[in-house]
Amino acid sequence: MSKQINVALIGNPNTGKTSVFNALTGLNQKVGNYPGITVEKKEGICKLPRGIKAHIIDLPGTYSLNASSLDENVVIELLLNKNDKDFPDVAVVVSDVENLKRNLLLFTQIKDLEIPTLLVINMADRMSYKGISLNIDYLEKHLETKIALISTRKNEGIENLKNLITNFKELPVTPCIDASKIDKDYFDNLRKAFPNQLLYKLWLVITQDVNFGKTDRNEIEAVANFKTKSKGDLKRLQQKETIKRYQFINNVLKKGQTIDITQAKDLRTKLDRILTHKIWGYIIFFIILLVIFQAIYDWSSVPMDFIDNVFASLSEWVKNMLPNGAFTNLLAEGIIPGLGGIIIFIPQIAFLFLFIAVLEESGYMSRVVFLMDRVMRRFGLSGKSVVPLISGTACAIPAIMATRNIENWKERLITILVTPFTTCSARLPVYLIIISLVIPEGHIFILSYQALTLMLLYLIGFGSAVSSAYILNKILKIKSKTFFVVEMPNYKLPMFKNVALTVIEKTKSFVFGAGKIILAISIVLWFLASYGPGEQFNNAETIVKLEYASQNIDEEDLQQKIASHKLEYSFIGLTGRAIEPVIRPLGYDWKIGIALISSFAAREVFVGTLATIYSVGSDEEETIKNRMASEINPILGGPLFTFASGISLLLFYAFAMQCMSTLAIVKKETNSWKWPILQLVIMTVFAYIVALIAFQFLK
Amino acid sequence: MNTIIQNILVFTAMILAVSFLIKKFFWKKSKSKKACGGDGGCGCH
């Protein structure tokens, strides 16, 4: 009579576990669901030597025995429950030769449950490409197991694996780690309370948030309630356990595995060697950034000019076609120029996200994260902080929310506080219009001054973020340690559909999210600029005519002076003039002051606001840029937007916390008003001082 | 007549705009789990 044994195939995702399952079972397999849940259950029969049959279960992929999903629960529950009909006689842990270190964490955990455990090292055919060599005898001795080196792709080593499974009774069940070394006192107490139970099993039950559906509940609940330590302390012990496991694995692999990167021959390794090189890696990243910013300028200039002209013509057309009156003026001078101020930036925003999506899709962005980790550590941040800082180029809100995966509170808080320095897409319209006004159009080699300035502003943003992180790391007295793990995906050609969807979604979000606010603010601003209190506003025409009665000026000039007088005494003019003393040292007039205030709702409102204010009372068909370029400084004379005032304005926007929504999300994420208020005050004061120095020095 | 209608339209637009801005920035919304960029938007722009 043939004997049947239970074999559980366990492993990290993407280790080729299912290929091993297929190689062992062939067509003798069936797929169903685990009772009560929708996790797929794959099982099959494999004929082994000596007439033994193996009932093989392909368990869901898991990185460790610390469950975080329903799939992983299935694995843990089976391994903890000896009464389960599928409880394995032997556990076969499938690992991938390229990620052996990470895969061995799960192996050591399963072995510590004192279940006979076999190690399968799959994808052996990749070893020569990767420059990997293994000392199997050494590994078997120190891991106290048998190892099957296989390649399912080439169908090599499967028979050896079957033989090893057949002889599973010869496998030692000694644990890799002595669980009591994690915390001696705690584990001594645990052993006293449950003398007949396996220590590591008890520890897993206590620390897991597992729904033990099939296990004996009374026994499990008694153990699970044994919590003489707080949740935080238990988490710390879990981390200590993981560190101890990796120390063990590192020691074993030091002599058991050799990776000679110079012998690696595959394309991915060759590319990685260059792209993550400690010098070339940074140079290539810098060149890619240069290309991106140059392309943003070169490729989008034609559609931008077209959009600008369309909106200028549309305003003119509305004024000519509709009956004269307040609402026609609101459309022509408020709504259309305000909307034009946002639509015009669609080409540049789309190109920026096109490049970001291509870098992400190709797998290069993960290399950037890895590369930057070396830099970030010096500033008290981890590699994980790079993701929020990079996504901050789109918007600080999701970037701050992305800090949730940083386990260490100090690093998370610092990342939250410095992320608003990164140049978000809302700053882009402000930068672009000011740069086009104050930076000349010349070139250095093939790079334009304007593109270089824009890149410099992005670097200033990133530089401010990391340097303030360095300061905060010194100031904040929170002690903690963290580890950085990033999985490098394979390089691949970006899929057109994915890239296109990212570009469309981001651009749509930018236009529709900002569009509604800008439309509303344009209406309010036009209203405030077109109405005013008191005699000076209501009798503007009479006052100006009287003032210029003795001078011989033509009708057009007179109308311009009346419009200017009305604007000055309108609601918005009075408000702007009230704040003018504060902003004048920075080189700004009251109109820029109004734009600064309104752009606190969203930075890009700045351009729309100026477009609206400058349009009021003007009959000429003009683009936004031309209107801003022709604006005269009321105090000094000459153009308002000079090199000095432009640089001052660029620096103010680079450093100031001009975003209401970011403050709200910081409050939400830190659960305190203390941090957003500190952020607002410090960033605004710093921005003011830098802008002041820049203007006074350059004027 | 034209002036009155145009003024009514202007004041209506102004009231709608102010109401929208108050609702957007000062009205306490129920918590949304949607991420930035989705239909819910993050309100950052």
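The values are calculated or read from the model by the stated rules, or taken from the named source; none is laboratory data. In this text, all values refer to a predicted model and were calculated from it rather than measured experimentally. Neighbour counts run over all protein chains shown; Cβ positions are idealised from the backbone, glycine included. Side chains included, ligands, DNA and RNA excluded: accessible areas come from the protein's heavy atoms. Shrake-Rupley method; radii C 1.70, N 1.55, O 1.52, S 1.80 Å.
Annotations for the structure displayed:
- The charge dipole of chain A, taken about its Cα centre with unit charges on the Cβ of Lys, Arg, Asp and Glu (plus for the first two, minus for the last two), comes to roughly 3700 debye.
- Computing Rg and the Kirkwood Rh from the Cα coordinates of segment A:454-603 gives a ratio, Rg/Rh, of 1.21.
- Accessible surface ranking that places the most exposed of A:142, A:565, A:443 first, with a 1.4 angstrom probe: A:443, A:142, A:565
- Residues of segment B:4-28 buried by at least 30 Å² on assembly (accessible area, 1.4 Å probe, chain alone as reference): B:6, B:9, B:10, B:11, B:13, B:14, B:17, B:20, B:21, B:25
- Estimated distance in nm for a label pair at residue A:141 and residue A:542, the labels positioned 7 Å out from Cα along Cα-to-Cβ: 10.8 nm
- Inter-label distance, residue A:559 to residue A:197: 8.9 nm, where each label sits 7 Å from its Cα along the C-beta direction.
- Direction-averaged projected area, Cα convex hull, chain A: 39.4 nm², rounded to one decimal.
- 5 angstrom amide H check on residue A:425, placed H, neighbours 5+ away: A:394, A:395
- Every Cα-Cα pair of segment A:350-451 was included, and the share exceeding 16 Å stands at 65 percent.
- Within the accessible area of segment A:627-668, the carbon and sulfur atoms contribute 69%, probe 1.4 Å, all protein chains present.
- Accessible area of the protein assembly as shown divided out per residue, in Å², using a probe of 1.4 angstrom: 48 Å²
- Farthest towards the positive end of the charge dipole of segment A:280-475, among the residues A:365, A:433, A:330, is the Cα of A:365, using unit charges on the Cβ of Lys, Arg, Asp and Glu.
- Here the translational diffusion coefficient of segment A:39-136 follows from Stokes-Einstein with Rh set to the Kirkwood radius across Cα pairs; for 20 °C and 1.002 mPa s it amounts to 143 µm²/s.
- Angle in degrees between helix A:231-256 and the longest Cα principal axis of chain A, rounded to the nearest 10: 70 degrees
- For segment A:280-475, carbon and sulfur atoms together expose 72% of the accessible surface, with a 1.4 angstrom probe and every protein chain in place.
- Counting protein heavy atoms only, segment A:61-178 has 45 percent of its accessible area on carbon and sulfur, 1.4 angstrom probe.
- Residues whose amide H falls under 5 Å from that of residue A:257, counting only those 5 or more places apart or on a different chain, are A:135, with hydrogens built in the peptide plane.
- Between residue A:230 and residue B:26, the FRET efficiency from the beta-carbon distance, with R0 = 41 Å, is close to 0.55.
- Both the radius of gyration and Dmax for segment A:289-334 are 16.4, 50 Å, in that order, over alpha-carbon atoms.
- Compared with the dominant Cα axis of chain A, that is its longest principal axis, helix A:346-362 is turned about 10°.
- From phi via Karplus (6.51, -1.76, 1.60), per-residue ³J(HN,Hα) for segment A:138-145 in Hz, x at Gly/Pro: 5, 5, 4, 5, 7, 8, 6, 7
- DSSP beta bridges confined to chain A are antiparallel in about 45 percent of cases.
- Whole-Hz couplings from phi, Karplus 6.51/-1.76/1.60, listed for segment A:639-650; x for Gly and Pro: x, 6, 8, 9, 4, 5, 5, x, 5, 4, 5, 4
- Between chain A and chain B, the total buried accessible area stands at approximately 2200 Å², from heavy atoms with a 1.4 Å probe.
- Sorted largest first, extent of segment A:134-199 alpha carbons per principal axis (Å): 51, 24, 20
- Residue A:475/residue A:3 FRET efficiency (R0 56 Å; Cβ-Cβ; nearest 0.05): 0.25
- Cross-link table A:410/B:23; A:508/B:24; A:82/A:240; A:3/A:42; A:169/A:244; A:184/A:254, entries beyond 24 Å C-alpha to C-alpha: A:410/B:23; A:82/A:240; A:169/A:244; A:184/A:254
- Residue A:684/residue B:5 FRET efficiency (R0 35 Å; Cβ-Cβ; nearest 0.05): 0.20
- In sequence order, segment A:269-284 has phi-based couplings of 5, 4, 5, 4, 4, 7, 6, 10, 5, 5, 10, 4, x, 6, 5, 5 Hz under the Karplus curve 6.51 cos²θ - 1.76 cosθ + 1.60, θ = phi - 60°, and Gly or Pro positions carry x.
- Nonlocal amide H pairs with residue A:117, under 5 Å, H built at 1.01 Å: A:91
- For segment A:505-698, the alpha-carbon radius of gyration amounts to 1.15 times the rule-of-thumb value 2.2 N^0.38 Å expected for a compact globular protein.
- Placing pseudo-labels 7 Å out from each Cα toward the beta carbon at residue B:12 and residue A:286 gives an inter-label distance of 6.0 nm.
- Helix content alone sets the calculated 222 nm mean residue ellipticity of chain A: runs of n ≥ 4 DSSP H residues at -39500 (n - 2.57) each, divided across all residues, give -18500 deg cm²/dmol.
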